[in-house]
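J.: Let me give you the structure first, and then I'll get to my questions.
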Amino acid sequence: MIEIRDLVKEYSGKRAVDGINISIGAGVLYTFLGPNGAGKTTTMKIMAGLLRPNSGSVIIDGIDMQREPVRAKKNIGYIPDHPFLYGKLTGWEFLRFVGGLYSMPPERVRTRGEDLLGVFDLIAEADRLIDTYSHGMRQRLAFSACFLHDPKVVIIDEPWVGLDPRNIRTTIDFLKRQVKGGVTVFMSTHTLDIAEEIAERVGIIHHGRLVHDGTLQSLCEGAGSKELEEIFLELTA
C-alpha cells in the first residue's frame with residue numbers, strides 16, 4: 001500500500017530526508033520514530049502530497065503521488081501535527097465540507113459521520129462552532145474527518161497531543177480496528193510506550209536516514225531484549 005523509494009528532500013543544500021526506502025503492505029500499523037528535526041514530518045508531508053521531493057518517489061496503492069497526486073490523495077487520510085479546522089464552521093459543517101472534497105454522497109457523509117462522531121464522543125458537540133472546541137475536541141474531530149471517506153492509507157503525525165487518557169485509549173482501539181479491517185496506518189509519535197503497545201513495524205529515522213525498519217519484536221531481540229526507549233536512545237545518540 002505504501003512504497004517509498006530513494007526519497008530525498010533538501011533545504012538550502014541540507015538533506016532533511018536522505019535516501020529513505022520503505023515498503024508497507026495492507027493492514028499494517030507502522031510507527032515512525034525519531035528525535036525532533038530527524039525528518040519525520042518532512043517525510044510524511046511528501047507522502048501526503050504537500051511537499052515535492054528533490055528525488056525519489058512515493059507510491060500509494062500503486063499510484064505515484066508526484067505523477068497523479070489527485071488520484072493518489074483519494075486513497076489517503078492525513079492528520080498533520082497541527083490540524084487546521086475552520087473555526088466558524090460547526091463540527092457537522094466541517095464534515096460535510098470534507099465529504100464534498102471527496103465527492104461523497106450526502107447520505108454517506110451523514111451515516112459515516114454519525115458513526116465517527118459517536119466513536120470520538122462528539123455527537124453532542126457536533127452543532128457547535130469549532131471555535132468553541134477544546135484542543136482535544138479539535139483533535140477528535142480531525143480524526144473523524146480523516147476517516148470519513150474510508151481511506152486505504154492513513155498518515156498521522158503525532159496524534160496524541162491534547163487527548164486525555166480515556167480518549168487516547170478510544171483512539172488506540174479505533175486504530176486497531178481499522179488496521180484489522182485492512183487500513184494501513186503510518187503514524188509518527190514521541191510517545192514510546194504507546195508505540196510499543198500498538199506498532200507492528202517500527203521505523204526509526206535519524207538525521208534524515210532510516211536507521212531501523214522492521215518488526216518491534218526483531219528490533220528488541222536484535223538489541224538483546226532491551227526496552228524500546230533504551231534502543232531508541234542508543235540508535236539516535
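J.: Which condition does ILE156 not pass, out of (1) outside the structural domain of GLY37 (by TED's automatic domain parsing); (2) modelled with pLDDT of 95 or more, if it passes all the others?
T.: Only one criterion in (1) outside the structural domain of GLY37 (by TED's automatic domain parsing); (2) modelled with pLDDT of 95 or more is unmet by ILE156, namely (1).
J.: Follow-up question, since we're still on this one. State whether one or more residues within the stretch 117-135 are assigned to a loop (DSSP other than H, G, I, E, B) and within 30 Å of ALA38 (Cα to Cα).
T.: yes
J.: Of all residues in the stretch 1-59, which are without any contact (Cβ under 8 Å) to a residue 24 or more places away in the chain and of a type in the set (Ser, Thr, Tyr)?
T.: TYR11, SER12, SER23
J.: Every residue in the stretch 148-207 that is more than 20 Å from ASP115 (Cβ to Cβ) and assigned to a loop (DSSP other than H, G, I, E, B), please.
T.: Scanning the stretch 148-207 gives GLU158, TRP160, VAL161, GLY162, ASP164, THR189, HIS190, THR191, ALA199, GLU200, HIS207.
J.: Could you give every pair whose Cβ atoms fall below 8 Å, whose first residue belongs to the stretch 121-146 and is within 12 Å of LEU95 (Cα to Cα), and whose second residue is among the hydroxyl-bearing types (Ser, Thr, Tyr) and assigned to a strand (DSSP E or B), counting only separations of at least 6 or pairs across chains?
T.: The qualifying pairs are ALA126/THR90; ASP127/THR90; ILE130/THR90; CYS146/TYR78.
J.: Now, a different point. Could you check THR215 against (1) loosely packed, with under 15 Cβ neighbours inside 10 Å; (2) modelled with pLDDT under 85; (3) in contact with a Lys or Arg (Cβ under 8 Å, 6 or more places away or on another chain) and say which number it fails?
T.: The number of the failed condition is (2).
J.: Looking only at residues in the stretch 67-90 that are among the aliphatic types (A, V, I, L, M) and touching a helix residue (DSSP H, G or I) at 6+ places or on another chain (Cβ under 7 Å), which one is surrounded by the fewest Cβ atoms within 10 Å (Cβ to Cβ)?
T.: By that ranking, first place goes to LEU89.
The values are calculated or read from the model by the stated rules, or taken from the named source; none is laboratory data. Please read all numbers here as calculations on a predicted model, not as lab measurements. Counting neighbours? That spans all protein chains shown, and the Cβs are built from the backbone with ideal geometry, glycine included.
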